[in-house]
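Each remark here refers to the structure printed beneath this line.
The values are calculated or read from the model by the stated rules, or taken from the named source; none is laboratory data. Keep in mind that this is a model prediction, so the values were computed, not measured. Methodologically, a virtual Cβ is constructed for each residue, glycine included, from the backbone with ideal geometry; neighbour enumeration extends over all protein chains shown.
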Amino acid sequence: MKRVLFVCLGNICRSPLAEGLFKETIEERNLGHEFEVDSCGTNGLHDGESPDIRTRNNARKHGLQLNHQSRQITPSDFEYFDHIYVMDENNLRTVRGLCPAEFEFKIQKIRNFDSIQTGSDVEDPWYGGDDGFETTYQTLLRCTRSLADELLTNRG
Ligand code: 4NP
């Protein structure tokens, strides 16, 4: 069993979508039982909330229903999860700042798994229009598919 955590700022747009897309791809491969998947935010501003309505509507358009309640990252996440994937440089700085040195190796940017603009940020769609939510979806779709390929290749 591998434990995978996706992290963004508010845990209502990017990381709950990454969680939903990653779960979708492992379930399509009948490997849902091999993973525990969750998401959280670096701030707690939206604690307990469902994903943003624009994120949910965009995901539903693609046949994906998101079921998550926002929560803030906690100190125990660093020990519990095997892999921690952040959306952008801002998240990376915050999460590294909170993480005990012994667990820092678990943290990386999700776009390290993107074939396009590898290693760049998943931009925060919060302030923009609908096209930003579609871009976020397409970006995280690519990233979570190739992440699943990678984790499934290296499982043992
Ligand atoms: P997310 O987007 O980090 O992708 O969930 C955000 C949503 C809300 C806020 C920030 C980012 N906020 O500060 O309210």
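Some points to look at:
- Among all positions in segment 59-79, there is no residue which is closer than 15 Å to CYS8 by Cβ and exposed (fewer than 13 other Cβ atoms within 10 Å of the Cβ).
- When ARG155, ARG142 are screened for being within 24 Å of HIS33 (Cα to Cα), assigned to a loop (DSSP other than H, G, I, E, B) and not aliphatic (A, V, I, L, M), only ARG155 passes.
- Segment 29-63, subset assigned to a strand (DSSP E or B) and not aromatic (Phe, Trp, Tyr), residue nearest to the ligand (Cβ to nearest atom): GLY41
- Taking the conditions (1) in a strand (DSSP E or B); (2) away from the ligand (no atom under 16 Å from the Cβ); (3) under 24 Å from ASP131 (Cα atoms) in turn, GLN108 satisfies each one other than (3).
- Check on PRO16, farther than 19 Å from LYS106 by Cβ, out of contact with any helix residue (DSSP H, G or I) (no Cβ under 6 Å at 6 or more places or on another chain) and either free of Cβ contacts under 8 Å to residues at least 60 places away in the same chain or surrounded by 20 or more Cβ atoms within 10 Å (Cβ to Cβ) (or both): yes
- Residues in segment 7-28 that are within 12 Å of TYR85 (Cβ to Cβ) and more than 10 Å from the ligand (Cβ to nearest atom): GLU19, LEU21, PHE22.
- Here LEU98 meets each of (1) within 19 Å of PRO16 (Cβ to Cβ); (2) modelled with pLDDT of 95 or more; (3) of a type in the set (A, V, I, L, M, F, W, C) with one exception, condition (1).
- Any hit, segment 89-104, residues being buried (at least 16 other Cβ atoms within 10 Å of the Cβ), among the charged types (D, E, K, R) and either assigned to a helix (DSSP H, G or I) or within 16 Å of the ligand (Cβ to nearest atom) (or both): no
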